[in-house]
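Report on the structure given below.
The values are calculated or read from the model by the stated rules, or taken from the named source; none is laboratory data. Every value quoted in this text rests on a predicted model; they were computed, and no experiment measured them. Glycine gets a Cβ as well: all are built from the backbone with ideal geometry, and neighbour counts include every protein chain shown.
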Amino acid sequence: MSVSNARIIESLERAGVRPSGARVHVLKYLESNRNHPTADTLFRGLKDVLPTLSRASVYNTVTALESAGLIRRLNIDGGEARYDAHMPDHGHFRCEACGAVRDFDTDLGALDLSALDGYTVGKRDLFVFGKCPDCQKK
Ligand SMILES: [Zn+2]
Ligand SMILES: [Zn+2]
């Protein structure tokens with residue numbers, strides 16, 4: 001399924017973000033590639049379509065998109081930050097052999113937090129580690 005520029009521009013405008021070329025391309029890349037790229041992967045994936053793009057503008061762009069609530073930043077195990085435009089609640093599985101990160105649907109709202117009596121809970125994240133099917137075959 002391809003993601004249209006018109007729809008990306010509409011999401012940016014609805015979130016109050018000016019739809020610059022870098023923002024449109026970064027958000028489109030993240031919506032089309034659910035592989036949780038790092039800023040460097042985004043830069044390498046977009047520099048051909050957007051030759052004026054710099055690493056600094058990728059960082060500025062992901063920061064602006066994150067503040068607008070259009071993408072989330074994942075910090076898994078102290079590794080390099082990865083970016084994700086899939087906003088509904090979901091968990092992440094990371095393969096410890098190849099490093100691939102994939103989404104899995106889960107109801108984070110159903111987590112039992114009763115042991116946190118008296119605490120205010122904000123963001124919830126769920127990370128699961130193991131080996132992907134391909135790496136198990138090696
Ligand atoms: Zn793997
Ligand atoms: Zn994800």
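Side notes on the structure shown:
- Here A97 meets the list (1) of a type outside the set (K, R); (2) within 16 Å of the chain's Cα centre (by Cα); (3) in a loop (DSSP other than H, G, I, E, B); (4) over 20 Å from D40 (Cα atoms) almost entirely, failing just condition (2).
- When we screen D84, D77, D125, D117 for residues that are surrounded by 14 or more Cβ atoms within 10 Å (Cβ to Cβ) and either modelled with pLDDT under 95 or away from ligand 1 (no atom under 16 Å from the Cβ) (or both), the only hit is D84.
Residue-wise test of (1) surrounded by 14 or more Cβ atoms within 10 Å (Cβ to Cβ); (2) at pLDDT 95 or above; (3) of a type in the set (V, I, T); (4) within 16 Å of the chain's Cα centre (by Cα).
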| position | (1), (2), (3), (4) |
| --- | --- |
| M1 | no, no, no, no |
| H25 | yes, yes, no, yes |
| K47 | yes, no, no, no |
| T52 | no, no, yes, no |
| T61 | yes, yes, yes, yes |
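- Flag not set for S57, criterion: more than 16 Å from ligand 1 (Cβ to nearest atom) and either free of Cβ contacts under 8 Å to residues at least 24 places away in the same chain or surrounded by fewer than 14 Cβ atoms within 10 Å (Cβ to Cβ) (or both).
- Residue that is part of a loop (DSSP other than H, G, I, E, B), under 23 Å from A15 (Cα atoms) and away from ligand 2 (no atom under 16 Å from the Cβ), where the choices are G78, G122: G122
- Restricting the range 87-104 to residues that are of a type in the set (D, E) and in contact with a strand residue (DSSP E or B) (Cβ under 8 Å, 6 or more places away or on another chain) leaves a set whose member that is surrounded by the most Cβ atoms within 10 Å (Cβ to Cβ) is D103.
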